[in-house]
Amino acid sequence: MKSDLIHQRISKALDSFVIELPSWGFSNTGTRFGKFIQPAAAITLEHKFCDAEEVNRLTGAAPTMALHVLWDLPNGVADVPLIRALEAKHGIKAGSINPNLFQDQQYKFGSLCNPSREIRGQALQHLLDSIAIGRELGDRDISIWMADGSNYPGTQSIRKRIGWLQAGFAEAHGHLGPKQRMLIEYKPFEPAFYHTDIADWGMAYSLAKGAGPRASVLVDTGHHYQAQNIEQIVAWLLSGKMLGGFHFNDRRYADDDLTLGSIDPYQVFRIFAEIFAYAAETRTDPGIAYMIDQSHNLKGKVEAAVQTVITAQELFAKAALIDQEKLAKLQDACDLVAAEELYRSAFWEDVRPAVKSWRHQRGLPDDPLHALIEGGYVARAIAERGERNAGAVASYA
Ligand code: LRH
Ligand code: MN
């Protein structure tokens with residue numbers, strides 16, 4: 001493909017591409033074996049907005065930040081004015097609102113699926129509070145993940161729990177704002193290790209359909225068994241107009257929450273390719289929320305976030321190079337090798353020069369990661385936050 005056509009296609013694609021950062025990607029997180037405290041890690045909500053502002057300043061592609069209610073708005077709706085002030089000060093908009101239905105003691109046996117009507121009521125109230133926060137912040141998506149499940153066969157009625165969940169989601173759906181969406185995230189296991197109430201895309205699809213027209217499915221790339229074909233799930237959700245968004249990350253084994261494209265970049269390319277094929281065929285923009293959900297336990301958190309946005313842009317740019325019309329003809333003609341070569345060669349195209357010139361034309365640094373290190377942002381964060389982080393608790397038990 002001639003290079004100016006490559007540049008044109010990539011510019012057009014990158015102009016439409018934004019990806020949302022998770023507030024929890026900037027704070028000290030760990031594994032069940034402990035936390036390695038980073039001196040530059042965000043401690044306050046303002047620190048998270050500062051870090052997101054720096055990532056967006058360098059990449060121009062991450063203007064929103066997902067919030068987790070109990071971690072970022074401990075006072076619920078009362079914290080909305082603070083969020084508004086931080087949005088204005090740092091030029092970063094609050095993005096999807098993620099309820100916390102998994103950490104309170106009463107959720108030991110579940111939240112919306114808990115056998116106790118009283119506890120289901122408390123979980124529903126938290127969901128309604130989260131929806132109200134989202135409405136106050138401008139009809140933000142409600143992105144729901146629940147840890148609900150069980151650890152041993154025979155200890156819970158899976159069917160009863162389905163009924164309670166359907167009732168909870170239907171009630172919540174009724175409280176959504178006119179433009180607000182609810183995204184239902186599935187996960188096959190962890191922390192539950194026998195059954196998880198929303199374990200796969202089919203369960204999430206059925207629950208979203210049952211809840212109402214503003215409900216759809218969220219695909220966290222780390223929430224699949226090794227052998228699952230994620231882009232086929234994406235194709236199903238697209239064909240059902242039920243694909244609401246993604247939590248991108250990467251993994252070698254399970255829900256490892258590693259940085260996007262660090263283990264299997266071709267996986268993300270295949271997902272984007274499915275979406276470009278759908279958009280080309282239907283001539284519609286599927287309105288998908290691209291979000292990141294990672295925990296940066298070993299790498300510097302702002303560095304990892306910048307790396308992630310760059311990699312997402314590069315993989316999106318590669319998928320944009322696929323000539324979807326030509327590919328569709330080859331597929332329909334079952335010209336397998338030609339189809340595969342057209343598809344594969346887009347992945348192997350080195351898009352970095354074109355992405356660099358896209359940045360250059362928009363006054364962004366050619367190499368955001370280098371600019372981050374040169375700019376001294378992390379060193380300033382360490383100077384400001386290091387002492388407080390040094391006192392943070394590292395051990396799990
Ligand atoms: C669950 C999950 C969910 C978030 C959490 C931080 O594994 O993917 O999206 O609430 O990570
Ligand atoms: Mn997730």
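The values are calculated or read from the model by the stated rules, or taken from the named source; none is laboratory data. It should be emphasised that the depicted structure is a prediction, and the values quoted were computed from it without experimental measurement. Using ideal geometry, Cβ is built from the backbone for each residue, glycine included, and neighbour counts are taken over all protein chains shown.
See the values below:
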| quantity | calculated |
| --- | --- |
| Pairs with Cβ under 7 Å, 6+ apart, first in the range 179-196 and farther than 17 Å from Y152 by Cα and in a strand (DSSP E or B), second of a type in the set (G, A, S) and more than 13 Å from ligand 2 (Cβ to nearest atom) | M182/A172; M182/A211; M182/A215; L183/S216; I184/A208; I184/A215 |
| From the options L183, L137, L128, residue that is aliphatic (A, V, I, L, M), within 16 Å of ligand 1 (Cβ to nearest atom), at pLDDT 95 or above and closer than 20 Å to D72 by Cβ | L183 |
| The listed residue being surrounded by fewer than 16 Cβ atoms within 10 Å (Cβ to Cβ) and either modelled with pLDDT of 95 or more or more than 18 Å from A354 (Cβ to Cβ) (or both), out of S11, S16 | S16 |
| Qualifying positions in the range 216-233 - among the small types (G, A, S) and either in a helix (DSSP H, G or I) or within 11 Å of ligand 1 (Cβ to nearest atom) (or both) | G222 |
| Given (1) in contact with a Gly (Cβ under 9 Å, 6 or more places away or on another chain); (2) touching a residue at least 24 places away in the same chain (Cβ under 8 Å); (3) surrounded by fewer than 21 Cβ atoms within 10 Å (Cβ to Cβ); (4) under 19 Å from I19 (Cβ atoms), number of the condition E303 does not satisfy | (1) |
| Meets criteria (surrounded by 15 or more Cβ atoms within 10 Å (Cβ to Cβ), in contact (Cβ under 8 Å) with a residue 12 or more places away in the chain and part of a helix (DSSP H, G or I)) for A328 | no |
| Number of the exception - L218 against (1) more than 12 Å from ligand 2 (Cβ to nearest atom); (2) buried (at least 23 other Cβ atoms within 10 Å of the Cβ) | (1) |
| Candidate set: the range 325-357, residues that are basic (K, R) and within 28 Å of the chain's Cα centre (by Cα); chosen: the one farthest from I6 (Cα to Cα) | R344 |
| Residue match in the range 197-208 (condition: free of Cβ contacts under 8 Å to residues at least 12 places away in the same chain, in a helix (DSSP H, G or I) and more than 16 Å from ligand 1 (Cβ to nearest atom)) | yes |
| Subset of the range 96-110 that is within 16 Å of ligand 2 (Cβ to nearest atom) and over 17 Å from the mean Cα position of the chain (by Cα) - its residue that is nearest to G149 (Cα to Cα) | F102 |
| Options V309, V378, V393; residue that is of a type in the set (A, V, I, L, M, F, W, C) and under 23 Å from I6 (Cβ atoms) | V309 |
